Amino acid sequence: MDHRVARRGFLSGATGAAVALPFGASALPQEHGAPQTSGGPALLAYQERTRADRMRWWHEARFGMFIHWGLYSVLGRQEWVLESEGIPIPDYERLARHFQPRPGCAREWARLAKRAGQKYMVLTAKHHEGFCLWDSKLTDYNAAKQGPRRDLVREFVEAARAEGLRVGLYYSLMDWHHPDGETCATDPAARERFVAYTHGLLRELLTNYGTIDILWYDVTLPLSPEQWRADAMNAMVFDLQPQIVVNNRNGLPGDFSTPEHKVAADKRAWETCETMNLGWGYQRADDEWKSTKRIVNDLTLCVQQGGNYLLNIGPDAAGDVPAESVRVLGEVGAWLKTNGAAIYGARGRAADAFGNYTNFTAAGNTLYVHVYFWPSRTPDAVARAFPGRETVVAVGGVRAKALSARLLKTGEAVRFTQDAVSLRLTGLPEAAPDSPTTVIAVECDGPAFVDHHLIRPEWKRYGVGTVD
């Protein structure tokens, strides 16, 4: 898994490293068979013509919840356990008897997402294991006929809608359980059956549950987009759900790209998907939890670069979300209640350079300065050499005139001075007013842009250390 941030100089965690982050191994994501970024036009004229309208809410939402949940949750060793441990399929099938989620667990997830400030939810309706969480007429390997004997997709959709959240469904094209799921690569008859089965399952998902806002494909292996008939697949999807948003992991460009385990801006719409610990599916022994600061700062980085952030939870077989996920999401939500104006609907590309302790988003003429390492006062030892001892947040290269400034946490006005090279926010408290990140809203005389590299030719140079 790759946890690197793609841009220089922004510290996503509380470490001193500039690019690589020590939050896990550097192996390829397990879903590396799926495209993560992709440019170029989509194949459907309708998709191109309607994209701006269909994606307006998505761009404003910024923050969503991913939910990896399936039979693998019974074992509690992540979602790839069938393949990674080489479990015989008849043995794995018996897990369905023990997959008995509590009634109402999906409603609890939706309430958690709402408290966390997330605006949409995406559920793994079918992961690579091939078990369908809905009442399918095409296979008995589903939650309505085995295990819980309930349509878990319907419960999820109704729960998300009850909380006013947008609804997304994940669907893995790759299938380790279906008898044609691998032989389709070389056997034309198997391919015809399996592709028809796949299109049929997607038709069920997009027909039986009312409006679906997002279709999140994953992993095209073992077929090419042409073999999947991906163009016909997307045509069917938009025929059934004209306002849906579709990602790029069926081999076509889709509406948005999907960098995984990293913040990597694309030239078009994009969404980073990330875990709260190391794994996607429930892993009872995985305690490498990301901090609230890390998640808030990654969300800010996504918004600053113009993207969305899809953050995963992995419930256990009963549907219970790990306590640490609940705690951290609650803290993220509390921060967003105060600072949401700096995230939701904020425009990307508010800056082309990061500070040593700051990042930037903007909306209209308001520049939001996100201070993730509070600078505090100048130490006594250097106060004589560096003018002033008060706490100052300084931003070089602000390309707009500041008119006023305030702390989002308290609404308190912030004094400032500004010249050609620097905006200095002064008289700030020694301790950070907010946690894990303090946001200062600066009202400007026009849309603000920050690039401290631009000030190099504007500094007054004094010739210190030169020889006449």
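The values are calculated or read from the model by the stated rules, or taken from the named source; none is laboratory data. Computed from a predicted model, the values in this text were never measured in an experiment. Glycine gets a Cβ as well: all are built from the backbone with ideal geometry, and neighbour counts include every protein chain shown.
Residues of segment 159-182 being charged (D, E, K, R), surrounded by fewer than 20 Cβ atoms within 10 Å (Cβ to Cβ) and more than 19 Å from residue 245 (Cα to Cα), which ones?
Scanning segment 159-182 gives 163, 180, 182.
Residues are listed down the side, and each one gets a yes or a no for (1) outside the structural domain of residue 65 (by TED's automatic domain parsing); (2) under 30 Å from residue 397 (Cβ atoms); (3) over 17 Å from the mean Cα position of the chain (by Cα):
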position: 295; (1), (2), (3): no, yes, no
position: 300; (1), (2), (3): no, yes, no
position: 305; (1), (2), (3): no, yes, no
position: 308; (1), (2), (3): no, yes, no
position: 323; (1), (2), (3): no, no, yes
position: 351; (1), (2), (3): yes, yes, yes
position: 366; (1), (2), (3): yes, yes, yes
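Going through segment 426-439 one residue at a time, which ones are touching a Lys or Arg at 6+ places or on another chain (Cβ under 7 Å) and either closer than 22 Å to residue 401 by Cα or aromatic (Phe, Trp, Tyr) (or both)?
Residues satisfying the conditions are 426, 427, 438.
Suppose the filter is farther than 30 Å from residue 340 by Cα, out of contact with any Lys or Arg (no Cβ under 7 Å at 6 or more places or on another chain) and among the charged types (D, E, K, R); does residue 94 pass it?
yes
Name every residue in segment 262-273 that is in contact (Cβ under 8 Å) with a residue 40 or more places away in the chain and either surrounded by fewer than 23 Cβ atoms within 10 Å (Cβ to Cβ) or touching a helix residue (DSSP H, G or I) at 6+ places or on another chain (Cβ under 7 Å) (or both), in order of residue number.
262, 263, 264, 265, 266, 267, 268, 269, listed by residue number.
State the number of residues belonging to segment 210-235 that are free of Cβ contacts under 8 Å to residues at least 60 places away in the same chain, touching a helix residue (DSSP H, G or I) at 6+ places or on another chain (Cβ under 8 Å) and in a loop (DSSP other than H, G, I, E, B).
Number of matching residues: 5.
Would you point out which residue out of 8, 4, 115 is within 22 Å of residue 328 (Cβ to Cβ) and modelled with pLDDT under 95?
4
Could you please let me know if residue 106 is part of a helix (DSSP H, G or I) and surrounded by 23 or more Cβ atoms within 10 Å (Cβ to Cβ)?
When the stated conditions are applied, residue 106 passes them.
Considering each residue of segment 235-257, count those that are buried (at least 24 other Cβ atoms within 10 Å of the Cβ) and among the polar types (S, T, N, Q), and give that number.
4
Quick one: which of 384, 424, 399, 389 is modelled with pLDDT under 95, surrounded by fewer than 18 Cβ atoms within 10 Å (Cβ to Cβ) and in contact with a Phe, Trp or Tyr (Cβ under 7 Å, 6 or more places away or on another chain)?
None of the other options fit; the residue is 399.
Taking the residues in segment 288-313 that are surrounded by fewer than 21 Cβ atoms within 10 Å (Cβ to Cβ) and in contact with a helix residue (DSSP H, G or I) (Cβ under 8 Å, 6 or more places away or on another chain) as candidates, determine which candidate is nearest to residue 79 (Cα to Cα).
Checked segment 288-313; the qualifying residue nearest to residue 79 (Cα to Cα) is 289.
Report, by residue number, each residue of segment 109-139 that is surrounded by fewer than 24 Cβ atoms within 10 Å (Cβ to Cβ) and part of a strand (DSSP E or B).
Result: 120, single match.
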